[in-house]
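Here is the structure we will look at, set down as structure tokens.
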Amino acid sequence: MIIPKTREEIELMRESSLLVSKTLGMIAKEIKPGVTTLYLDKLAEEFIRDHGGVPAFLGLYDFPNSLCMSPNAQVVHGIPNNKPLESGDVISVDCGVLKNEFYGDHAYSFEIGEVAPETKRLLKITKESLYVGIRQFKAGNRVEDVGNAIQTYCESHGYSVVRELVGHGLGRKMHEDPEMPNYGKRGRGKLFVEGMVVAIEPMINMGTKNIKQLKDGWTILTADMKPSAHFEHNVALIDGKPELLSTFQYVYDALGIVSDEEKEFRRKAL
């Protein structure tokens, strides 16, 4: 069952989402060759707690850490460890926060040092597909309209879409209805309703769409061990149009990136 949010609840969710955004911005300043993902995980937990939130992933379904950190061929749900990052790596950093009794949950894929051009292109297209999908989150559309837009865009560039992992509704629970797949056929799935909030998160592979899971019970890998990319935003349906509750602007400020990609999805200044 889809649970629409009031305007007041959406503003509380915006605070939760923006704390995730700020956490990712803090991580962006620290992520570099030689740094371990476990160190970054500890920084994130401290940052979230210092800013009035609770790390949402820590203990959720018994997950052991505050961040999911998934480098290279890892798609999602990577467990932080003591292996140093290396130049040429790419890594999805997925973060969740519980604040004001509502969840925020989004992700960014970072480049570490000098990354191969073909891998940079994978990240670029995956992030672009996120906004392609968000544009379809509007009154009159259905769940698979978003998935179809993401799938069509990514497959047209030669990439594949993971099927087993999807985005989701968001609210007082981390995972609410509806599931938001990154593939599908136009006109199918649940109808979008005013006030709903979703996490849209393309998980796109350079090679095969097939995946496998490590024995740790969490880490998801591409079956052919080629790189994967993952970007995620929290989006509310307000007045029939998508509005971002999260932002990559804190990441961009840290990395010196200039972008206006979020402008069309934002009605108020951060």
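None of the figures in this text is laboratory data; all of them are computed from the coordinates on show. Because the structure is a prediction, the values reported are computed rather than measured. Here Cβ is always computed from backbone atoms with ideal geometry, including for glycine, and neighbour counts include all displayed protein chains.
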*Take the alpha-carbon centre of the stretch 70-101, take the same for the stretch 139-217, and report the distance between them in whole Å.*
19 Å
*When the chain is treated as a GNM, springs tying every alpha-carbon pair under 10 Å, which of Val193, Val97, Val75 comes out with the largest mean-square fluctuation?*
Val193
_Kirkwood Rh, Cα atoms: Rg over Rh of the stretch 1-149_ = 0.99
*Using a 10 Å cut-off on Cβ atoms, rank the peptides 128-134, 251-257 from the highest mean neighbour count down.*
128-134, 251-257
*Counting other Cβ atoms within 10 Å of each Cβ, which GluC sites (Glu not before Pro) in the stretch 136-183 have at most 14 and sit in a DSSP loop?*
Glu164
*What is the Rg over Rh value, at two decimals, for the stretch 121-270, using alpha-carbon atoms and the Kirkwood definition of Rh?*
0.97
_Stretchable slack from Lys29 to Arg266, in nm (0.36 nm times residue separation minus alpha-carbon distance)_ = 82.8 nm
*Counting other Cβ atoms within 10 Å, keep those with at most 12, restrict to DSSP loop, and tell me which GluC sites (Glu not before Pro) in the stretch 24-92 are left.*
Glu86
*Arg135 label point, 7 Å along Cα→Cβ, cut-off 16 Å on backbone N: hits in the stretch 246-270?*
260-266
_Estimated FRET transfer efficiency when R0 is 25 angstrom, pair Lys215-Leu60 (beta carbons, to 0.05)_ = 0.80
